[in-house]
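The values are calculated or read from the model by the stated rules, or taken from the named source; none is laboratory data. This is a predicted model, so every value here is computed, not measured. Cβ placement follows ideal geometry from the backbone for every residue including glycine, while neighbour counts extend to all protein chains displayed.
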Amino acid sequence: MKHQSYSREHAQFLKKRKRNLVLVWGFRVGLLALLLGAWELVTAVGWADPFILSSPSRICKTIASLYRDGTLFYHIGVTLGETVLGFVIAVAIGCGVALALWWSDTLRRVLEPYIVVLNALPKIALGPLIIIWFGTGSRAIVFMTVLVGVIVAILHMLNAFIATDENKILLLRSMGATKPQILRKLVIPSSLASFISMLKVAVGMAWIGSIMGEYIVSKAGLGYLIVYGGQVFRLDLVMSATCVLCLLAAGMYFLVVLLEKLLVKNAKN
C-alpha cells in the first residue's frame, strides 16, 4: 500500500476542508428537515388545508400505498427508462452535431441560425405533430425528451469547441498536426469541463422533456400519475409523484457529479 505523508499545514487544510464538508451537509439535511417539519405542522394545526397542500405524512402514506399495490416501481421504471434513453440519445446527437459544426465553418454559418430558432421554439407546440408521427406510446415521449435536450447539448458543446485557445491550435498546426489530431489532442480534452456542465444541464432537460411528453400522451409513468391525480383531485398522488420525481432527478444529477470526479481524477493521473 502506497504511503502518503502530508505536511502539518496540508493536514490542517484537509481537516478543515473535511469539517467544512460535514458542516455543509449538516445544514443541508437540517434545512430539509426544517422545511418538512414546518410543512407538516401548518397542515396538522389547520393553518393550511391538507387537501390542497398535502403533507409529508400523507405523501409517505400515498407512496406506501403505491408500493403495496405494486405500481410504484412500474411507473418509476417507465419514466426512468424514457428519460435515460432520451438523455443518452440527445447527448450523443448533440456532441456529434457540435463536432460536425466545429469541423466545417461553412456548415456552422449555414445551420447556426436554425439551431438558435429551434432552441427558442416552445417544444410543447409540436405535441400534436409528435402524436401523429410517433403514436401514443413511449416513442413519442422519448422523441420529446430528445427534442428538448439535443439543441442545448449542441449549443453547449459547440461553444466549448469554438472556445479552444487559438494560439494552441496554431502551435499544433505549425508542428504539422492534422485536424483530427488537433481535435483529439486539444479540442476534446479542453472541452471536458464544458462537457460535464452540459451533462448537468441535459439531465434537467431530459426530465422536463419526459414529463412534458407524459403530460401530452402517456398510459403510465410519473407524469401520468401527476395528470391523473390532478384530474380526479387526488392531490396527495400529485405531490407524491412529484417528490419521487425530484428524488430520481437528484440521483441522476449526482451520478453525473460522480462521473465528473472520475474524469478529473483520471485527467490528473
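Going residue by residue through region 35-44, is there one that turns out to be within 25 Å of the chain's Cα centre (by Cα), assigned to a helix (DSSP H, G or I) and surrounded by 10 or more Cβ atoms within 10 Å (Cβ to Cβ)?
So in region 35-44, the residues within 25 Å of the chain's Cα centre (by Cα) come out as 35-36.
Restricting the remaining residues to those that are assigned to a helix (DSSP H, G or I) gives 35-36.
Within this subset, residues satisfying the condition of being surrounded by 10 or more Cβ atoms within 10 Å (Cβ to Cβ) are 35-36.
Scanning region 35-44, I find at least one residue that is within 25 Å of the chain's Cα centre (by Cα), assigned to a helix (DSSP H, G or I) and surrounded by 10 or more Cβ atoms within 10 Å (Cβ to Cβ), so the answer is yes.
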Among the residues of region 153-179, the number that are farther than 27 Å from PHE87 by Cα and in a helix (DSSP H, G or I) is 10
Over region 73-103, the set of residues in contact (Cβ under 8 Å) with a residue 40 or more places away in the chain, among the hydrophobic types (A, V, I, L, M, F, W, C) and closer than 14 Å to ALA220 by Cα is ILE76, VAL78, LEU80
Considering region 132-147, residues that are of a type in the set (Val, Ile, Thr) and out of contact with any helix residue (DSSP H, G or I) (no Cβ under 6 Å at 6 or more places or on another chain), and then whichever is farthest from VAL88 (Cα to Cα), we arrive at ILE132
Within region 131-152, residues being over 20 Å from the mean Cα position of the chain (by Cα) and part of a helix (DSSP H, G or I) number 4
Checked PRO128, PRO113 against criteria (part of a helix (DSSP H, G or I), loosely packed, with under 14 Cβ neighbours inside 10 Å and modelled with pLDDT of 85 or more); the one match is PRO113
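From the list VAL257, VAL244, VAL201, which residue is under 20 Å from GLY81 (Cβ atoms) and not basic (Lys, Arg)?
Details: VAL257 fails: under 20 Å from GLY81 (Cβ atoms); VAL201 fails: under 20 Å from GLY81 (Cβ atoms).
Going through VAL257, VAL244, VAL201 in turn, the sole match is VAL244.
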